[in-house]
1. Among the residues of segment 355-386, which ones are β-branched (Val, Ile, Thr) and out of contact with any Phe, Trp or Tyr (no Cβ under 8 Å at 6 or more places or on another chain)?
2. For His250, work out the one condition from (1) assigned by the TED database to the domain that holds Gly203; (2) without any contact (Cβ under 8 Å) to a residue 24 or more places away in the chain it doesn't fulfil.
3. Where residues in segment 250-278 are out of contact with any helix residue (DSSP H, G or I) (no Cβ under 6 Å at 6 or more places or on another chain) and polar (S, T, N, Q), which of them is nearest to Leu9 (Cα to Cα)?
4. Between Val52, Val81, which is in contact with a strand residue (DSSP E or B) (Cβ under 9 Å, 6 or more places away or on another chain), buried (at least 21 other Cβ atoms within 10 Å of the Cβ) and more than 28 Å from Leu179 (Cβ to Cβ)?
5. Do we have Gly143 as over 27 Å from Pro186 (Cβ atoms), modelled with pLDDT of 95 or more and surrounded by fewer than 24 Cβ atoms within 10 Å (Cβ to Cβ) here?
6. I need a count of the residues in segment 243-273 that are among the aliphatic types (A, V, I, L, M) and buried (at least 20 other Cβ atoms within 10 Å of the Cβ).
7. Going by what's in this entry, would Asp418 be described as at pLDDT 95 or above and surrounded by 16 or more Cβ atoms within 10 Å (Cβ to Cβ)?
8. Sort out which residues of segment 224-242 are touching a residue at least 12 places away in the same chain (Cβ under 8 Å), surrounded by fewer than 18 Cβ atoms within 10 Å (Cβ to Cβ) and closer than 22 Å to Val50 by Cβ, and write them in order of number.
Amino acid sequence: MEENFLAALGAAQPRYATLPTTGADHELAAVEMVAKLRNKPLLPWQRLVVRVATEKTAFGQYRYRTVVITVPRQSGKTVLVFNLDIARGIKYPHAKSFYTAQSGKDARERLFDAADDLQASSIGSKVTVHRAAGAPRITLPTGSRIHSFSPTPESLHGYTPRTVTLDEIFAFSDAEGALLLGAITPAQQTVKDRQLVMTSTAGTSDSTFLADWVFRGREATQDPDTQIAYFEWSLADGLDPFDPANWDFHPGLQGGLITKDDIAAAAETMSRGEFIRAYMNRPTVQKSDAVFDTQKWAKLKADLSTPRRSQVAIGFEVNYDRSRAAVVAAWKHNGQVHLKVLRNGSGTGWLAPTLEALSDARPLSIGADRYAQNMALISELHDELREQIQTFTPEHIKTGCASFKAKIEDGTVNHTGDTALAQAVAEAQSRPMGEGWALSHKSPPEVTAAVVAVRLLALSKEESQPLIEFG
């Protein structure tokens, strides 16, 4: 009977994962043997990844030509990929594997860490380590070699590697990643059982290469014919990254690689954005790229007033891939703008009924940015509600974004401290628009919905209505 790998993970369930193919041939036993040899037994999440990543077809080729793994810091991903390379080097004589990371120096250091483990093991006397800067490599008793290389296209010229590993791909831009793949693909083309393994912790707004593979990998988990295996452990949307009750997803907690006390210590010493990126495995923006001042935003938390229904403007946003949506209310009180997330969540199936219910409350206005995903949702509404929705032109959105930023800067907006909205403000991304800027639709939907609500408020006339509690 096939082992239940997901059950063995307990609370550390992946957000996305390619599942094992029942009955498929694989190399899990060989990799487990190497892990024990290095005195680093496989953790439950590593066993799942190895079981799937090493699956073979009936023709002896790897089922998945590309494997993408994204996990938080201190999960054991680099140990895992070297276990794969060593196991294959022992199983398949004269095989060649190549490994790189953010830089050639980083790659060498990690190669030598693996080499130290091997030389301290029972086969240590039969392992040769070449530590020269020009050609660092491990040579196994089978004649197989594991090389580290600098992340440049020229480094693979003349080689035919069975396995190539790109570690911490968040460090590569689209252009850099494309150049690497442009060198790897022809180098591996004549190798029947070739595989490309890419690993990373979440990146920043600059990590465009990683972002593309995350999108492709998530899609691949729903495609039974794909040649991409994808695995992601990250904090689910809408959860507070600083609440220890939400940290059980971290796969390094199993096996003692890290403890919740270690994570808590990191939260106290690291910046908010870097902690979320490194330990929650959520992408963040570079500090220099941050659209809004998150420190000022945090100080604007306050007890909000109870508005009249006619005072409330409601903005909504569907994000670029329809995976999430949000509805935010805005109203004025004593010269301040008050903001509250009314609803947010995965998918869009809940949004139309929510807008219908809010429309029945006769708010001041309901609106959205006039872009494809929002317009697709609006087209599905009944005629009466569809006619009520205000949609903003790019110029209105550009003005709204500048106004929202100004209100944070001058302290004329207040909010409840909602975690999802705070995260959205921190992770907002901008895009050029004429001589100004607007929010990218890759920003979390809560922040764009807030911008729209505030802009609606500025454009609308208030009418008196009975009190209504937005709770």
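1. Ile378
2. So the condition that His250 fails would be (2).
3. Result: Thr259.
4. Val52
5. When the stated conditions are applied, Gly143 does not pass them.
6. So the count comes out to 3.
7. It is false that Asp418 is at pLDDT 95 or above and surrounded by 16 or more Cβ atoms within 10 Å (Cβ to Cβ).
8. Across segment 224-242, the qualifying residue is only Gln227.
The values are calculated or read from the model by the stated rules, or taken from the named source; none is laboratory data. What you see is a predicted model, and the numbers here were worked out from it, not measured in a lab. Glycine gets a Cβ as well: all are built from the backbone with ideal geometry, and neighbour counts include every protein chain shown.
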